[in-house]
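What follows is calculated from the coordinates using simple rules that are stated; it is not laboratory data. None of these values were measured; they are calculated from a predicted model. Cβ placement follows ideal geometry from the backbone for every residue including glycine, while neighbour counts extend to all protein chains displayed.
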Amino acid sequence: MSEEIYPNGTPKSKEVFALKVHALMRMFQAMPTATPAVRPYHHGDDPMNDLGKAFSFPFKDNAWFSKFLIGVLFMLLSILIIGIFILAGYFVRVTQAAMRRDENPLPDWDDIGGMLVTGFKFVVVYLVYSIPIFLLYIPLVVMAVLGELSGGAASSDLFAGLYAAGIIVLVVPYALALSLFMPIITYRFARNENIGEALDVGEIVRAFRRNWQGALIVALIAVGIQSFSAVGLVLFLVGVFFTIFYSYLVSAYLFGALALEDQQRGAGVA
């Protein structure tokens, strides 16, 4: 059977094939493209633009009061050291929840063992960064002991005083730098709960250079609110535990927000 041909000499079968190919191409063009795994950074999406949430999120939890009470209990148990580790682990969980953009970033107290392990590792990180301060104070302690044994000689007291003044000159800038880098140190640890990542000074400095404005803002707010938490003394002794616990919740959330901002800028937090 002969094939039908258009007046211009083109076989009908080829025309039908061309129409089918054209329709197929239009169908593929109409399909939605895949969403990138990491959204590109837009100023309007900047987590740091909504700092108010860091102050309000604890009270949006229906069980916030009971969670605060448990936190205060562990603060009292900090006298036995173990409470320090559990609280540190809890605050790391808050940072992780902020990094995940959880709707309810205030964690439940349902994994005390896990918080204990996480908190212990984070305290190790903090102690490592505190080693330079400890080393500077050792000679001062030795000189104080020798001064007592020698009957408090004027020369030894003078030398100890000069050394103490020198320590202040060194310790104060180091402590300020540590406070400035602590938000980055915290979210780097919170990412994988890896001590090595939190001690990678080179990466921490590079992260600070990428977003030093955000790091500075978060550090200042964290130091400020933790200092202001002492107003709880006005609300009796128990009140100070509530305000201190709240101040660390706010700080931990801000650390997670800083991590998100760095990630959305396309630099990542590796």
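Can you tell me the FRET efficiency between Glu193 and Asn104 if r is taken as the Cβ-Cβ distance and R0 is 25 Å, rounded to the nearest 0.05? Mind dumping the intermediate values first?
Working: r = 21 Å, r/R0 = 0.84.
In this case the efficiency is close to 0.75.
Compute the whole-percent fraction of alpha carbon pairs in the stretch 56-136 spaced more than 17 Å apart. Summing the P(r) tail past 17 Å for the stretch 56-136 gives 51 percent.
Arrange the peptides 190-199, 82-91 so that the one whose residues have, on average, the most other Cβ atoms within 10 Å appears first. Before the final figure, lay out each step's value.
Values: 190-199: 17.0, 82-91: 22.1.
The peptides rank, most packed first, as 82-91, 190-199.
Charged neighbours of Lys60, selected by a Cβ distance under 11 Å, balance to -1 (K, R count +1; D, E count -1). For the stretch 190-207, putting each phi into the Karplus relation 6.51 cos²θ - 1.76 cosθ + 1.60 with θ = phi - 60° gives couplings of 5, 4, 10, 6, 10, 5, x, 5, 6, 9, 7, 4, x, 5, 5, 5, 5, 5 Hz, in residue order, rounded to whole numbers and with x for Gly and Pro. Where does the charge balance sit around Ala190 when Lys and Arg score +1, Asp and Glu -1, over other residues with C-beta under 12 Å from its C-beta? Result for the neighbourhood of Ala190: +3.
For the stretch 76-91, backbone phi angles converted through the Karplus equation (6.51, -1.76, 1.60; θ = phi - 60°) give residue-by-residue couplings of 5, 6, 4, 4, 8, 6, 4, x, 4, 5, 5, 5, 4, x, 5, 5 Hz, Gly and Pro being listed as x. Take Tyr163, project a point 7 Å from its Cα along the Cβ direction, then tell me which residues of the stretch 113-135 have their backbone nitrogen under 17 Å from it. Output list for this probe position: 132-135.
Could you compute the net charge surrounding Ala207? Neighbours are other residues with a C-beta less than 9 Å from the C-beta of Ala207; K and R count +1, D and E count -1. With Lys, Arg at +1 and Asp, Glu at -1, the neighbours total +2.
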